[in-house]
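*Asks:* Sharing a structure below in structure tokens format, with a few things to ask.
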Amino acid sequence: MPAKLSYKVVKDYLNFEISGVGSPAYIVPESRKLWTEMGQICDAQSVHRVLANMRFKERLPIRFCMDIARYAQETGWSPSFKLALVTDAHNHMALNLVKSFMVHLGYEVEVFLNKRNARKWLLTA
């Protein structure tokens with residue numbers, strides 16, 4: 001089951017809702033597609049702050065975390081974007097690993113367990 005992406009323009013940021021399976025069969029090809037779509041939407045809306053609420057049915061495979069981060073760079077995700085990832089507890093560790101790789105690549109990213117804290121961080125200078 002491919003990942004589903006929807007978004008809403010909120011004052012000062014874009015709110016993405018991402019859902020899907022999250023299994024190895026889907027996450028690798030889908031992550032490239034998601035980074036591309038999200039980057040295009042950000043450019044079209046001229047918004048560089050993103051809150052991405054990620055809900056996957058399965059745990060994200062740890063072995064693909066570096067690939068997920070690298071796909072952001074390969075698909076043109078801009079280092080000028082500020083990204084707050086919100087997830088549930090079972091994917092928190094995997095997304096923190098993705099965050100570590102992305103920070104190393106020059107991106108501003110943070111992972112949260114709730115939208116309130118993510119929004120607060122996202123809207124700080």
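*Asks:* When a footprinting reagent is the concern and you count Cβ atoms within 10 Å, what order do 37, 74, 30 take, fewest first?
*Replies:* Fewest to most other Cβ atoms nearby, the residues stand as 74, 37, 30.
*Asks:* Length gain on complete extension for the stretch residue 90 to residue 104, per 0.36 nm per residue less the alpha carbon to alpha carbon distance?
*Replies:* Contour length minus the Cα-Cα distance gives 2.7 nm.
*Asks:* Return a single number: how many Lys pairs in the chain, at a sequence separation of 8 or more or on separate chains, have alpha-carbon atoms below 25 angstrom apart.
*Replies:* Close lysine pairs found across the chain: 26.
*Asks:* Rounded if a/c is under 1.5, else prolate if a/b is larger than b/c, else oblate: which is segment 1-52, with a ≥ b ≥ c the root eigenvalues of its Cα gyration tensor?
*Replies:* Judged from the Cα gyration tensor, segment 1-52 comes out prolate (a/c at least 1.5, a/b above b/c).
*Asks:* Right, next: Once you place label points 7 Å from the Cα toward the Cβ at residue 55 and residue 43, how far apart are they in nm?
*Replies:* Distance between label points: 3.0 nm.
*Asks:* Where a ≥ b ≥ c are the square roots of the eigenvalues of the C-alpha gyration tensor, would you call segment 46-100 rounded, which needs a/c under 1.5, or, failing that, prolate if a/b is larger than b/c, or oblate?
*Replies:* oblate
*Asks:* Once phi is turned into ³J(HN,Hα) by the Karplus curve 6.51 cos²θ - 1.76 cosθ + 1.60 with θ = phi - 60°, what whole-Hz value does each residue of segment 86-93 show in order, with x for glycine and proline?
*Replies:* 10, 8, 8, 4, 6, 10, 4, 5
*Asks:* Size of the dipole of the chain about the Cα centre, Lys and Arg at +1 and Asp and Glu at -1 on the beta carbon, nothing else charged, in debye to 20?
*Replies:* That gives the chain a dipole magnitude of about 340 debye.
*Asks:* Taking the Cα centre of segment 22-75 as origin, sum charge times position over the Cβ atoms of Lys and Arg (+1) and Asp and Glu (-1), and report the length of that vector in debye to the nearest 20.
*Replies:* Value, rounded to 20: 220 debye.
*Asks:* Please work out whether the chain counts as rounded, prolate or oblate from its C-alpha gyration tensor, where a ≥ b ≥ c are the square roots of the eigenvalues and a/c under 1.5 means rounded, while otherwise a/b larger than b/c means prolate and anything else oblate?
*Replies:* rounded
Readers should treat all values here as calculations from the given coordinates under stated rules, not as data from a laboratory. Since we're looking at a predicted model, the values are computed, not measured. Methodologically, a virtual Cβ is constructed for each residue, glycine included, from the backbone with ideal geometry; neighbour enumeration extends over all protein chains shown.
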